[in-house]
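Trainee: One structure, pasted below without further comment.
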Amino acid sequence: MSEDLETKIRRLTDECWNQGDLDALDALYSADIVRHKPPYPALFGLAAVKRFTAETRKSYPDIHLTIDEAAIAENITTVRWTFQGMLAGQSPTTGVPGIGQHVAFTGCTISHWLDGKIVEEWEHADYLGLLQQLGVLPLSRQVGA
């Protein structure tokens with residue numbers, strides 16, 4: 001089972017995110033998927049996940065998602081990842097318009113699988129760092145500076 005899930009998370013990263021094959025999402029997500037992305041609104045249903053993925057790939061046309069580390073425990077996968085790309089169009093997550101800024105930030109996604117598909121997902125990422133890179137928020141000052 002764990003090899004199968006490892007193949008699936010690599011497929012999600014490579015085919016869906018890096019290559020833009022949204023049809024591959026049909027094989028990886030349940031029709032009634034719930035995708036949590038605090039502090040942003042959750043996504044409900046496969047259509048919403050496909051729409052969000054398409055909008056993200058449109059706003060970051062050179063997106064590259066890298067799996068930094070993955071762990072599998074029965075029907076749960078945890079993936080620590082790095083996102084890189086240039087914001088060329090309005091971000092569906094932050095609403096920041098395309099400013100041509102290259103960004104790189106990290107995050108972690110915990111996925112719950114049932115019958116070979118993701119039924120619920122929690123994404124936690126360095127959105128503070130992303131907003132700082134995009135110039136929306138000031139850079140943090142070092143402690144003691």
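Coordinate-derived values only; no laboratory data. These numbers come from a predicted model, not from an experiment. Counting neighbours? That spans all protein chains shown, and the Cβs are built from the backbone with ideal geometry, glycine included.
Trainee: Pull up the cross-link candidates among the lysines for K8, meaning alpha carbon to alpha carbon under 21 Å and not fewer than 8 places away within one chain.
Mentor: By straight Cα distance, K8 reaches K37, K50, K117.
Trainee: Can you give the FRET efficiency to the nearest 0.05 for Q84 and A31, using r as the Cβ-Cβ distance and R₀ = 35 Å? Can you show the working numbers first?
Mentor: Numbers: r = 31 Å, r/R0 = 0.87.
Plugging the Cβ-Cβ distance into 1/(1 + (r/R0)^6) gives 0.70.
Trainee: Still on this model: Given the Cα-Cα distance of L134 and Q101 and 0.36 nm per residue of separation, how much length would full extension add, in nm?
Mentor: On the way: separation 33, 0.36 × 33 = 11.88 nm, distance 0.66 nm.
Additional length available on full extension: 11.2 nm.
Trainee: Here's another thing I want to ask about it. Share of Cα-Cα pairs in the stretch 2-57 beyond 18 Å, in percent?
Mentor: On the way: 515 of 1540 pairs.
Across the stretch 2-57, Cα pairs with separations above 18 Å total 33 percent.
Trainee: Let me ask another. Taking amide H atoms as placed 1.01 Å from N in the peptide plane, list the residues 5 or more away in sequence, or in a different chain, whose amide H sits under 5 Å from that of A42.
Mentor: K37
Trainee: Here is a further query. Can you give me the P(r) profile for the stretch 2-133? Cα pairs, bins 5 angstrom wide beginning at 0, each as a whole percent.
Mentor: With a bin width of 5 Å, the distribution comes to 2, 11, 21, 26, 23, 12, 5, 1, 0.
Trainee: On C-alpha positions alone, give me the angle between the axis of helix 46-59 and the longest principal axis of the chain, in degrees, nearest 10.
Mentor: Approximately 40 degrees, to the nearest ten.
Trainee: Calculate the dipole size of the chain relative to its Cα centre from +1 charges on Lys and Arg beta carbons and -1 charges on Asp and Glu beta carbons; express the result in debye to the nearest 20. Walk me through the numbers on the way to the answer.
Mentor: Numbers: 12 positive and 19 negative charges, 132 e Å.
With only Lys, Arg, Asp and Glu charged at Cβ, the dipole is about 640 debye.
Trainee: Let me ask something else about it. If you line up the long axis of helix 2-11 against the longest principal axis of the chain, both from Cα atoms, how many degrees apart are they, to the nearest 10?
Mentor: For 2-11 against the chain, the angle is about 50 degrees.
Trainee: Right, something else. What does the helix-only formula give at 222 nm for the chain: each DSSP H stretch with n ≥ 4 adding -39500 (n - 2.57), the total divided by the residues, and the result rounded to the nearest 500 deg cm²/dmol? Write out the running numbers ahead of the final one.
Mentor: On the way: 4 runs with 35 residues, N = 145.
Calculated at 222 nm, the ellipticity per residue is -6500 deg cm²/dmol.
Trainee: For the pair K58 and H112, what calculated FRET efficiency results from E = 1/(1 + (r/R0)^6), where r is the Cβ-Cβ distance and R0 = 30 Å, to the nearest 0.05?
Mentor: Working: r = 28 Å, r/R0 = 0.93.
Working from the Cβ atoms, E equals 0.60.
Trainee: Okay, moving on. HN-Hα J couplings of the stretch 115-125 from phi, Karplus 6.51/-1.76/1.60, θ = phi - 60°, integer Hz, Gly and Pro as x?
Mentor: Coupling constants for the stretch 115-125: 6, x, 10, 6, 9, 8, 9, 10, 10, 10, 9 Hz.
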